[in-house]
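Notes follow the structure.
Where a number appears in this text, it was derived from the coordinates with a stated rule and is not lab data. Note that this is a predicted model, so its numbers are computed, not measured. As a convention, Cβ positions derive from the backbone with ideal geometry for all residues, glycine included, and neighbour counts pool all protein chains shown.
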Amino acid sequence: MATEDVVQKPDSESRMTAWQAGMTLIELVVSLWIISILSIMALSMLNGRIEKARLARCMTDLRSVQSTAWAHSDGMQFLAPKDFWNVAWAGKQPGPYYYFTADFDHNAGHGNDVVDLCDPDNPGKSKASRDCRDVKFFILCQHDHGLLAKYVYVEDEGPPKLAGWTSETDPGYDYFVDNPPEYDK
């Protein structure tokens, strides 16, 4: 057997140059750019779902605090905020959930306008309109809700509500976190 038969000469058509075998730098950059754009889109959708899940948990927690407030009341009088956390929640500190009540008359017999800026006993002096609501208590949550809400609140009865970033949907309850009434401290 001759050595010529064993050694095969490479065919010029089957050989690839390094330029033909790999990706060009431009192709590599474009591929990485497309992958990064798709990753950003996926992460933003995931982040939106996480914010919605946090919001749902916050609303559930507010409903729990709301039902606890009703359970520790006679329907007319509610625990003062300073007593609420010690009695109803075994010493849990307030915040990021805050509970405010209007059962204590701070305005010499003129209703509870501290909470809802409504004076039902003296509507002519009320800061709100004459047909304002008489809120007995409200609870708010100041977790970070991202772009979904400034904060979440629940009043006497009913489901939790979102306070938006615009004044039309914000009752201004977050004011009382930094400026609580004297009897709430």
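A Förster distance of 25 Å, applied to the separation of the beta-carbon atoms of Met23 and Asn47, puts the FRET efficiency at 0.20.
Residue pairs exceeding 20 angstrom between C-alpha atoms, taken from Lys82/Lys150; Lys82/Lys136; Lys136/Lys161; Lys92/Lys150: Lys82/Lys150; Lys92/Lys150.
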